[in-house]
Amino acid sequence: MKNSKIQIPRSKQISNFKFKIFKFFICGLFVSWSLFLVSFVSAQQVSLGLSPPLLEVLIKPGKSIMVAYSLENSGDPININVKMASFEPKDNLGNVRIKNQLEGPIRFNLDNSDIELNTPFFLKSLSSQQLLLHIRVPENIKNGDYYYSLLAETVPAASTEGIGSAQAKATIGSNILITVTDSGVVEIKPKIVLFDVLSKIKINLFNKPIRIFDSFDKIPITLIVENQGKNLIKPQGEITLRGSFGLTSKYDIISKNILSESQRLLEATPSADIGQSLNLSGFFAGLYHLSADINFGENSPQIFASTSFFAFPFKLLFGLIIVMVGTIYIVKRFFSDE
């Protein structure tokens, strides 16, 4: 008996092929929809703005003020929690450390009819909310500075399994610098703790330290001022460079707040790198003198500091010596062979 193959009709083969294509299409559509859903959730945009970003208040004990803040949401709809926190200086670069608890005698509350501190509220996309912050200073409060931050932080919505974890969380803040004084007079007690150029080579000339640089090196300058008083201060002034040949250049100091009992690195225009006050570039040759003159407004004390550095084209001279030695060697070798 001969083996015979069962022939499947061509129309049925085409039907099975179409059914497989249909199943593949359905599976692909399901996977694409799942990926789209995940990407939609994970791509949730959080974009908040809070103004004014900084508030400085000079106030007497027993007084109060009202400040209108504007909170803007340029991202997706989100729940917002507004709260107050104390802060303190973190380093001499102007960074601050937010404390976990609200400290100090100053009292805060929102005068909005429908919004309270530490109570989340809903903010729609592309909308804004006015925050009426009431600041009250008690009687018999000690004169001095008190530092706070108005913080607006996002609150993730109650999540379903595997989705809520992808929601972004962000915090934005506005610093509030409160100076309490019953007389209107503030304490200004500044001190320059460091004014120098950073150099790997240093020598003493007539009991004065002189920093040595190559003529093509950049000259990094550091100026740090300490506020020894109980109130914030705003330095202003300039750094002056004087050379041996009558060259004089002046660089304005950028006025920035120095909080009470803290230090800050001051920067000057037009060039300053991170962690430096001024970075001079160019070709320097000879002895240079640097001076810093700082004041804190009209009828305020002035402070002064100076330093020096010496520049010479050591690398260029070293290169010329190598070229000369090499040239003499080649010439002698050439004539000796003859």
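Within the stretch 274-289, can you find the residues that are assigned to a strand (DSSP E or B) and within 18 Å of the chain's Cα centre (by Cα)?
If the condition is that a residue be assigned to a strand (DSSP E or B) and within 18 Å of the chain's Cα centre (by Cα), then L278 is the only one that fits.
What is the number of the single condition among (1) at pLDDT 95 or above; (2) more than 28 Å from the chain's Cα centre (by Cα); (3) under 17 Å from P156 (Cβ atoms) that K83 does not meet?
Going through (1) at pLDDT 95 or above; (2) more than 28 Å from the chain's Cα centre (by Cα); (3) under 17 Å from P156 (Cβ atoms) one by one, K83 breaks only (2).
Which numbered condition trips up D114, out of (1) under 20 Å from the mean Cα position of the chain (by Cα); (2) in a loop (DSSP other than H, G, I, E, B)?
All conditions are met except number (1).
Need a quick list: strands (runs of 3 or more DSSP E) entirely within the stretch 140-209 having at least 3 residues that are among the hydrophobic types (A, V, I, L, M, F, W, C) and at pLDDT 95 or above. Spell out how you get there, then give the answer.
Values: elements: 144-155, 171-180, 190-197, 201-205.
Once the strands (runs of 3 or more DSSP E) in the stretch 140-209 are filtered for at least 3 residues that are among the hydrophobic types (A, V, I, L, M, F, W, C) and at pLDDT 95 or above, what remains is 144-155, 171-180, 190-197.
Could you list, in sequence order, the residues of the stretch 303-321 that are free of Cβ contacts under 8 Å to residues at least 12 places away in the same chain and either surrounded by fewer than 10 Cβ atoms within 10 Å (Cβ to Cβ) or not aliphatic (A, V, I, L, M) (or both)?
If the condition is that a residue be free of Cβ contacts under 8 Å to residues at least 12 places away in the same chain and either surrounded by fewer than 10 Cβ atoms within 10 Å (Cβ to Cβ) or not aliphatic (A, V, I, L, M) (or both), then F318, G319 are the ones that fit.
Go through (1) surrounded by 14 or more Cβ atoms within 10 Å (Cβ to Cβ); (2) under 16 Å from F195 (Cα atoms) one by one and return the number of the condition D252 breaks.
Unmet condition: (1).
Can you tell me which of K124, K83 is basic (K, R) and exposed (fewer than 14 other Cβ atoms within 10 Å of the Cβ)?
Values: K83 fails: exposed (fewer than 14 other Cβ atoms within 10 Å of the Cβ).
From the options K124, K83, the qualifying one is K124.
Tell me yes or no: at least one residue of the stretch 311-329 is out of contact with any Phe, Trp or Tyr (no Cβ under 9 Å at 6 or more places or on another chain) and either in a strand (DSSP E or B) or closer than 29 Å to K189 by Cβ (or both).
No, the stretch 311-329 contains no residue that is out of contact with any Phe, Trp or Tyr (no Cβ under 9 Å at 6 or more places or on another chain) and either in a strand (DSSP E or B) or closer than 29 Å to K189 by Cβ (or both).
State whether the residues of the stretch 270-279 include one that is in contact with an Asp or Glu (Cβ under 8 Å, 6 or more places away or on another chain) and within 22 Å of P313 (Cα to Cα).
yes
Output the qualifying pairs, or none if there are none: Cβ atoms under 6 angstrom, residues six or more apart or on different chains, first residue in the stretch 238-264 and modelled with pLDDT under 95, second residue basic (K, R) and part of a strand (DSSP E or B).
That search, which allows pairs on different chains as well, returns T248/R242.
When you go through L241, L223 one by one, which is the residue that is under 22 Å from D91 (Cβ atoms) and not in a loop (DSSP other than H, G, I, E, B)?
Of the residues listed, the single one that is under 22 Å from D91 (Cβ atoms) and not in a loop (DSSP other than H, G, I, E, B) is L223.
Go through I274, I294 for me and flag whichever is modelled with pLDDT of 95 or more and either over 17 Å from F216 (Cα atoms) or of a type outside the set (K, R) (or both).
One residue alone meets the criteria, I294.
Would you call Q263 within 26 Å of the chain's Cα centre (by Cα) and either outside any strand (DSSP E or B) or among the β-branched types (V, I, T) (or both)? Let's see the steps before the verdict.
Values: within 26 Å of the chain's Cα centre (by Cα): yes; either outside any strand (DSSP E or B) or among the β-branched types (V, I, T) (or both): no.
When the stated conditions are applied, Q263 does not pass them.
Based on what the data block shows, is R97 loosely packed, with under 12 Cβ neighbours inside 10 Å, without any contact (Cβ under 8 Å) to a residue 60 or more places away in the chain and not assigned by TED's automatic domain parsing to the domain that holds N227?
In short, yes.
The values are calculated or read from the model by the stated rules, or taken from the named source; none is laboratory data. On a predicted model such as this, the values are computed, not experimentally measured, just so you know. Quick reminder, even Gly has a Cβ in these numbers, built from the backbone with ideal geometry, and neighbours come from all protein chains shown.
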